[in-house]
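Shown next, in structure tokens, is the structure this report addresses.
The values are calculated or read from the model by the stated rules, or taken from the named source; none is laboratory data. Just so it is clear, the model here is predicted, and its values are computed rather than measured. A quick note on method: Cβ atoms are made from the backbone with ideal geometry, for glycine too, and the neighbour counts reach across all protein chains shown. Only protein heavy atoms, including side chains, enter the accessible area calculation; ligands, DNA and RNA are left aside. Shrake-Rupley method; radii C 1.70, N 1.55, O 1.52, S 1.80 Å.
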Amino acid sequence: MNKILVTGALGQIGSELVVKLREIYGADHVIATDLRSSAHEITRSGPFELLDVTNDKAMFEIAKRYEVDTVIHLAALLSATAEEKPLLAWNLNMGGLMNALEISRELGCQFFTPSSIGSFGPLTPKDNTPQDTIQRPNTMYGVNKVSGELLCDYYFHKYGLDTRGLRFPGLISYMTPPGGGTTDYAVEIYYAAVTAGRYTSYIAKDSNMDMMYMPDALNAIIDLMEADSSRLMHRNSFNVTAMSVDPEAIAAAIRDELPGFILDYDVDPKRQAIADSWPHSIDATAAKIEWGFHARYDLKAMTKDMLSQLSERQM
Ligand code: NAD
């Protein structure tokens with residue numbers, strides 16, 4: 001990676017990834033783009049361009065002007081929102097991806113896009129979900145993510161495009177709020193713990209899902225992109241995870257730091273149905289073997305850091 005174009009850069013992942021990439025590769029080497037603008041520091045700390053990823057000509061023009069050699073494609077509609085707006089999700093998630101892949105092919109770029117635990121479905125083995133297994137999701141987001149994985153592998157096999165991807169679990173972070181995913185509760189619970197001392201979960205007790213702290217997700221993207229290509233047996237996409245938790249487990253970890261925290265439930269059937277179709281815990285062995293994936297934060301370490309960062313930001 002030398003000159004990197006990031007789409008959807010103002011989102012939960014991009015807003016932190018761009019900062020880290022600029023630290024490593026130099027501010028001028030990371031071109032942040034998004035559909036919207038904001039006062040976020042990444043719009044000032046290096047190149048920033050307004051870009052709708054469904055506009056292939058605009059994406060090509062920016063990629064060519066900055067002579068990028070890497071595309072990190074993050075712009076997407078997330079699981080819960082995609083279920084509300086399936087047609088928009090298809091057009092954005094597939095149209096944007098196809099544009100980003102085509103531009104990478106034309107300009108010979110290395111390519112990264114995230115998949116998700118949402119790419120699995122009700123027929124997938126739920127515990128220790130293997131790297132290679134049944135993927136028959138029943139959500140629009142899941143359909144987009146499986147199709148995206150296949151499309152990225154197709155570009156690798158057909159054109160030799162260096163495509164790489166990660167199946168992210170729910171990502172937990174304190175910088176930028178999540179953008180409409182099923183696992184957003186696992187971020188909201190920390191904000192609520194600090195501000196109100198209690199949280200009402202829309203996800204039911206005993207619904208275990210994989211999660212990972214944002215610093216581990218950012219390292220995983222960079223480590224995978226920097227990995228020796230010849231070591232990669234898989235490409236799109238690698239299972240990665242740091243923990244499998246339900247709301248009670250997070251609440252118990254919060255109580256270790258903030259005794260008296262109260263958790264109750266008002267389950268949202270729509271988001272619960274999505275959660276029920278996802279694995280309980282996925283197996284990240286292939287990522288560990290092929291490019292040395294490891295997560296530094298477990299639930300306890302993540303909870304300590306989340307609460308201290310959010311408390312500091314409150315002051
Ligand atoms: P987000 O919703 O926080 O951010 C998405 C960004 O894309 C937003 O800034 C939005 O303005 C932008 N965007 C929307 N439409 C656009 C368009 N037409 N053109 C350009 N930009 C547009 O999402 P995120 O959490 O940062 O996720 C990024 C990627 O990671 C997505 O592919 C998502 O599916 C994947 N992922 C995220 C998680 C997670 O927990 N955050 C988990 C698994 C996979």
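Would you be able to tell me the number of residues in segment 102-156 that are under 16 Å from the mean Cα position of the chain (by Cα) and not in a helix (DSSP H, G or I)?
Of the residues in that region, 7 qualify.
If you scan segment 67-116, which residues turn out to be within 9 Å of the ligand (Cβ to nearest atom) and in contact with a Lys or Arg (Cβ under 6 Å, 6 or more places away or on another chain)?
Ser115, Ser116
Are any residues in segment 155-181 under 24 Å from Glu106 (Cα atoms) and touching a strand residue (DSSP E or B) at 6+ places or on another chain (Cβ under 9 Å), and if so, which ones?
Passing the criteria: Tyr155, Phe156, Leu161, Asp162, Thr163, Arg164, Gly165, Leu166.
In segment 117-138, what count of residues is obtained for those that are within 15 Å of the ligand (Cβ to nearest atom) and among the hydroxyl-bearing types (Ser, Thr, Tyr)?
Residues in segment 117-138 being within 15 Å of the ligand (Cβ to nearest atom) and among the hydroxyl-bearing types (Ser, Thr, Tyr): 2 in total.
Can you find a residue in segment 114-127 that is open to solvent by 10 Å² or more (accessible area, probe 1.4 Å) and free of Cβ contacts under 8 Å to residues at least 40 places away in the same chain?
Looking for residues that are open to solvent by 10 Å² or more (accessible area, probe 1.4 Å) and free of Cβ contacts under 8 Å to residues at least 40 places away in the same chain, one finds at least one in segment 114-127, hence yes.
For segment 17-27, give me each residue that is within 16 Å of the ligand (Cβ to nearest atom), open to solvent by less than 30 Å² (accessible area, probe 1.4 Å) and more than 11 Å from the chain's Cα centre (by Cα).
Within segment 17-27, Val18, Leu21 qualify.
Here are some residues: Ser45, Ser37. Which one is within 11 Å of the ligand (Cβ to nearest atom) and surrounded by fewer than 19 Cβ atoms within 10 Å (Cβ to Cβ)?
Going through Ser45, Ser37 in turn, just one is within 11 Å of the ligand (Cβ to nearest atom) and surrounded by fewer than 19 Cβ atoms within 10 Å (Cβ to Cβ): Ser37.
Restricting attention to segment 278-310, which residues are out of contact with any Phe, Trp or Tyr (no Cβ under 8 Å at 6 or more places or on another chain), under 19 Å from Asp184 (Cβ atoms) and part of a loop (DSSP other than H, G, I, E, B)?
Correct list: His280 only.
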